[in-house]
1. For a quick check of your reading: which helices (runs of 4 or more DSSP H) sit entirely within the stretch 31-142 and have at least 3 residues that are exposed (fewer than 15 other Cβ atoms within 10 Å of the Cβ)?
2. Give just the number: which of (1) touching a residue at least 40 places away in the same chain (Cβ under 8 Å); (2) surrounded by 13 or more Cβ atoms within 10 Å (Cβ to Cβ); (3) over 19 Å from Asp72 (Cβ atoms) does Arg225 not satisfy?
3. Of all residues in the stretch 240-259, count the ones that are in contact (Cβ under 8 Å) with a residue 60 or more places away in the chain and of a type outside the set (Lys, Arg).
4. Starting from the stretch 191-219, keep only residues that are in contact (Cβ under 8 Å) with a residue 60 or more places away in the chain and in a helix (DSSP H, G or I), then list their pairs with residues that are surrounded by 22 or more Cβ atoms within 10 Å (Cβ to Cβ) and aliphatic (A, V, I, L, M) whose Cβ atoms are within a distance under 6 Å, requiring at least 6 positions of separation or different chains.
5. Residues of the stretch 240-265 being hydroxyl-bearing (Ser, Thr, Tyr) and assigned to a helix (DSSP H, G or I), which ones?
6. So Thr272 fits all but one of (1) at pLDDT below 95; (2) under 18 Å from the mean Cα position of the chain (by Cα); what number is the exception?
7. Quick check on the stretch 148-162. Is at least one of its residues small (Gly, Ala, Ser) and at pLDDT 90 or above?
Amino acid sequence: MIASLAQFLIRMQCYNLSGSFLTIASKFVGRGCHISYNKKGYWRHRQDSWVINEAFPNIRMDVEVIRQFNNDVYFHSYRPRENDTCIDVGAGIGTECIALSSMVGPNGRIHAIEASPFVYKILDSNILENKLENVSAYNVAIADRKGKIRISEEPDEHISNSVWTDQGVEIDALTIDDFIDSLGVDTIDFLKVNIEGAEKLMISRFKNIDKVRHVAISCHDFLGRRSGDLQFFTRDLVTAFLKENDFNIESRSTGVDYIDDWIYGVNRRVETTT
């Protein structure tokens, strides 16, 4: 009920009142998360050493829960290490980037890709406020070609923004090979991908997969099963692609559909030379 009231206050543009209200409420629930409204138009959540800006307030936000989810899902198969180079395709607002930044240390590098212009602005704000000097952000879509592509832009449901639309906003797109070539690196230690079904576009133009040591790719068959949209069935394609490129792969059976559709892989050719 509190969260619903807060969103109503946002839409009514009662920013100062709702910010004060939520700061008090967040202290009351005892999670140690302090929430306020900032001048950039985002809700700032502060807990421990983390600052997470979001479009809407979340009085249930708990950094420890986020850390546990990161470790259980994104870093289930491989936990990035000091000096690693990582690419986060579908970085969202950057909660994984905050974790990755501390894992790889000052000499490591995180390249965070977010296609949605709305979400990218929040990502950029979180990178700046958390002083993530080893993180670079890019507002592009990873697809099967270089050019323009459309993405849905839903602030209320930005976690499900998708390129499977002829509506939305037009953005720049490029292939993952183009992107990796632009970095000028020989090895990507960890590649995390969560792009709402566009992973099948990505793998169709991915010769640089031989430079990648570890992958964690969210397939979206669960969205296909929920919606009946065949565009989202990607698991078989991703699995076959990784096997063809000499990856040992792993998946899970937790009973949670969106977790069980993650595919984890280790490049056997790269690992045998390190």
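1. Of the helices (runs of 4 or more DSSP H) lying wholly inside the stretch 31-142, those with at least 3 residues that are exposed (fewer than 15 other Cβ atoms within 10 Å of the Cβ) span 63-69.
2. Status for Arg225: all satisfied but (1).
3. 2
4. What qualifies is Met202/Ile142; Met202/Ile176.
5. Result: Tyr258, single match.
6. Every listed condition holds for Thr272 apart from (2).
7. No; the residues of the stretch 148-162 include none that is small (Gly, Ala, Ser) and at pLDDT 90 or above.
The values are calculated or read from the model by the stated rules, or taken from the named source; none is laboratory data. Since the model is a prediction, treat every value here as computed from it, not as a measurement. All Cβ positions, glycine included, derive from the backbone under ideal geometry; neighbour counts span all protein chains shown.
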